[in-house]
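Beneath this line is the structure, given in structure tokens, with notes to follow.
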Ligand SMILES: [Zn+2]
């Protein structure tokens, strides 16, 4: 009986820790809290994970680079106009659940695509 009680306590503790970890491992949409990209997908591009850019309208964005963003869908045809990363074409990336604009994907013919997610749009 003592052993069984000990096992129960231990198992409950493991489950709690696992749930907490899981909550922290995702960059989430600020609007609907959908999981956009895993924390472990964070990458450095051109020497930095975080970049600050201005678009042609003068709007400033701070973006975080991630290798994959399964919670995002891309919209439109890729464009190289005013691309923040030379030699890469961008597409608008939207939250797959609520449709919020959460960033951009950057693709090229000779390298895997990555995503740059707007820091303000994340939780
Ligand atoms: Zn969303």
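Please work out whether the stretch 57-116 counts as rounded, prolate or oblate from its C-alpha gyration tensor, where a ≥ b ≥ c are the square roots of the eigenvalues and a/c under 1.5 means rounded, while otherwise a/b larger than b/c means prolate and anything else oblate?
It comes out oblate by the Cα gyration axes.
I want to check the label-to-label distance for residue 54 and residue 98. Put each point 7 Å from Cα in the C-beta direction and report it in nm to one decimal.
2.9
Values quoted throughout were computed directly from the atomic coordinates according to the rules given, and no laboratory measurement underlies them. This one's a predicted model, so the numbers in the text were calculated from it and none came from an experiment. All Cβ positions, glycine included, derive from the backbone under ideal geometry; neighbour counts span all protein chains shown.
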